[in-house]
Amino acid sequence: MAAGPQDGTTLMGMCNGADKVRSLAVMCHSYTSGYVEAANFYAIKQRGKPLFCINEEGKKMIPLLIASRIKAQPELAKEPASAILHILFSQNFACK
């Protein structure tokens, strides 16, 4: 059976506690890295520049950023993970 679309609950499960549990950190960073790579690929093809510019320090704060936003706005748990990441990364890591 194919996995369904990921949502905020899934994102929270991967990223909450990533600072304490290595396997969660790997899942969170793998998922978000894949999202950023795909989003930037299409942005470069369409407009000639990436959407998101995330340095090493920014990468380290991604799990906490995701978990804290979903905790603060629990209604995000039902939103598609890609929509949540797009909003968070646009607000925090938009290329200048």
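The values are calculated or read from the model by the stated rules, or taken from the named source; none is laboratory data. The shown structure was predicted, so the numbers you read here are calculated from the model rather than taken from an experiment. Using ideal geometry, Cβ is built from the backbone for each residue, glycine included, and neighbour counts are taken over all protein chains shown.
Flag: residue 76 matches the condition of being surrounded by 14 or more Cβ atoms within 10 Å (Cβ to Cβ), farther than 16 Å from residue 18 by Cα and over 12 Å from the mean Cα position of the chain (by Cα).
For segment 23-56, name all the residues that are exposed (fewer than 13 other Cβ atoms within 10 Å of the Cβ) and under 15 Å from the mean Cα position of the chain (by Cα). Selection gives 26, 30, 34, 37, 38, 55, 56. Restricting attention to segment 42-96, the residues that are part of a helix (DSSP H, G or I), β-branched (Val, Ile, Thr), in contact (Cβ under 8 Å) with a residue 12 or more places away in the chain and closer than 16 Å to residue 31 by Cα total 3. Scanning segment 8-22 for residues that are small (Gly, Ala, Ser) and surrounded by 19 or more Cβ atoms within 10 Å (Cβ to Cβ) gives 8, 18. Only one of the numbered conditions (1) surrounded by 14 or more Cβ atoms within 10 Å (Cβ to Cβ); (2) at pLDDT below 95; (3) outside any helix (DSSP H, G or I) is violated by residue 3, and that is (1).
Each row is one residue, and each column tells you yes or no for (1) within 24 Å of residue 77 (Cβ to Cβ); (2) in contact with a Cys (Cβ under 7 Å, 6 or more places away or on another chain); (3) of a type in the set (A, V, I, L, M).
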position: 10; (1), (2), (3): yes, no, no
position: 19; (1), (2), (3): yes, no, no
position: 28; (1), (2), (3): yes, yes, no
position: 35; (1), (2), (3): yes, no, no
position: 39; (1), (2), (3): yes, no, yes
position: 43; (1), (2), (3): no, no, yes
position: 48; (1), (2), (3): no, no, no
position: 55; (1), (2), (3): no, no, no
position: 61; (1), (2), (3): yes, no, yes
